[in-house]
Structure formats: structure tokens, C-alpha cells
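Undergrad: Quick one: the structure is below, questions incoming.
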Amino acid sequence: MKKKVNRAYISLFLLWLAISGCNSADKGPGLEFSNPYRPNVWTVAVIPFKNDSGSEDVSSIAMTDEFYTELATVQDNIQVLSVNQVMAAQNKLGLTRIKSEDELSMIAEEIGADALFVGKITRYQPYRPPLIGVVVQVYEQRVPTREQVSDQKDFDPSSLSRSGSNFELAGDGLMKAVVQVNNVFDASDKEVIAQIERYTTRQAKESPLGIDKVMTSSGYMRFVSHQVIGRLLYDYNIRTGRIRD
């Protein structure tokens, strides 16, 4: 009887080790899901995606919703304003189509966002294996360097919009792209397949999500959003000196 109990404990211990190992590696290389300005609150919003893929089979609104939903899962003092708030501000300001950094600045000020995620779909293949190409940039009004943030550990990004800041303006003071991801996620590619396997392993801890679910249109959009957000935040954290390259 004791042997059986001991074996049970050993099995549970091995399972715990496996899960612990996944926790440190399941996000994948070059991905980070943390606030680049922690411990301060970072208020962000997602501008509705554009469809530049040439395909009528893809919904830019669906891509926007999946991206927003994935971004909202990052629990590290990141406040994600709703897409409805963004669209309401666009309608109020008469900016249904964003054409300039000035217009992004107006939207950010209207909704009280420190940063805006701006993206477009560049390629889309609806049938299996799915393929989605995206370009996503993060825009900020004024951008501190790594050295500046390192010198002021309690830096609050919202303070950049207030007068008297010691941080330099980026360029002419308009919204500027800080980090960018430009990638095509082809589910027939070996590297992407490995990313999908890591993603499904990670998601299985929170809710059942198999390969079949990921291969659906919404599931694949969510996977692509996960990868893009992880890369953007990784590069952003490098920029602010929170992690080292």
C-alpha cells in the first residue's frame, strides 16, 4: 500500500516538475508578456485593423477583437481600453480612417491612452493550413530611452503627456512607432508549427484548446495575436531596459 502511495506522490511530483518547466519556457523564445513600465499602470488601446490582404474572406473586425482579447490577458498593470471606446472616439473626431500620426495623437488624447497598437492584415489564406500576414506597430506620444527609464525606476508613462517632464520628445512630438512586428504566420512552416505547439501547451493549462481549434479562423487569429503581442512586448521591454537582449 505504501509503495502505491509513494508512486502516486512521485507521479504528482514529476507532473509538477513538467508544468513548472513549461511555465518558464512555454511563452517561447523572443516573447514577453509583461508591462514595460511596471509597476506603473500602462494604458493602451487597439486601433481597428485594416485589411490590406486583398482577400474578402478575412474580417478585420474579427482580427481586432481577437487581438484585443489576447492583449487583455496580460495581467501586469496593463489597462486595455475597449475597442468600442476607440471607435466612439474615432467617430466623435471624424477619424474613421487614420491617415497620420497627428490623428493617432488626437485619438490617444481623447481616450486617455499612453500607447496605441496599430495593425493591418497583409496576407490571408482561409483554407488549411491557414496563413495570416500582419504588420503591427505600437505608437507612443513621447518615447523615453532605456537609459532614461533606468535612471527613473518609478517612471510613469502617463507623465509624458504632462508639462515639466524631463524626458525628450520623439521627433516633432507626434505619435511615433516605438516597436513593430512584420511577419507572415504560415501554418505549414516548421517554425510556426513549433510555435503552435508551445501555444496550445500553454493554453491547455487555462482552458482546453487543441490544434483543431487553433486552425479555425478565429483560433488562428488568436494565435497570431499571441505571437505578435509577445514579440512587441519583448522588444518594448528591451527598449525600456526591463529585460536585456
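Every residue, every condition in (1) within 24 Å of V224 (Cα to Cα); (2) hydrophobic (A, V, I, L, M, F, W, C), yes or no:
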residue: A62; (1), (2): yes, yes
residue: D76; (1), (2): yes, no
residue: M87; (1), (2): yes, yes
residue: D102; (1), (2): no, no
residue: I107; (1), (2): no, yes
residue: V118; (1), (2): yes, yes
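Undergrad: So which pairs qualify, if the first residue must be in the range 210-223 and more than 20 Å from V74 (Cα to Cα) and of a type outside the set (V, I, T), the second must be at pLDDT 85 or above and outside any helix (DSSP H, G or I), the Cβ gap must be under 7 Å, and the two must be at least 6 apart or on different chains?
TA: Listed by first residue and then by second, the contacts come to M215/R128; M215/P130; M215/A187.
Undergrad: Another one. Return yes or no: is S218 surrounded by fewer than 19 Cβ atoms within 10 Å (Cβ to Cβ) and modelled with pLDDT under 90? First the steps, then the outcome.
TA: Values: surrounded by fewer than 19 Cβ atoms within 10 Å (Cβ to Cβ): yes; modelled with pLDDT under 90: no.
It is false that S218 is surrounded by fewer than 19 Cβ atoms within 10 Å (Cβ to Cβ) and modelled with pLDDT under 90.
The values are calculated or read from the model by the stated rules, or taken from the named source; none is laboratory data. Keep in mind the model is a prediction, meaning the values are calculated, not measured. In this analysis, Cβ positions are derived from the backbone assuming ideal geometry, glycine residues included, and neighbour counts consider all displayed protein chains.
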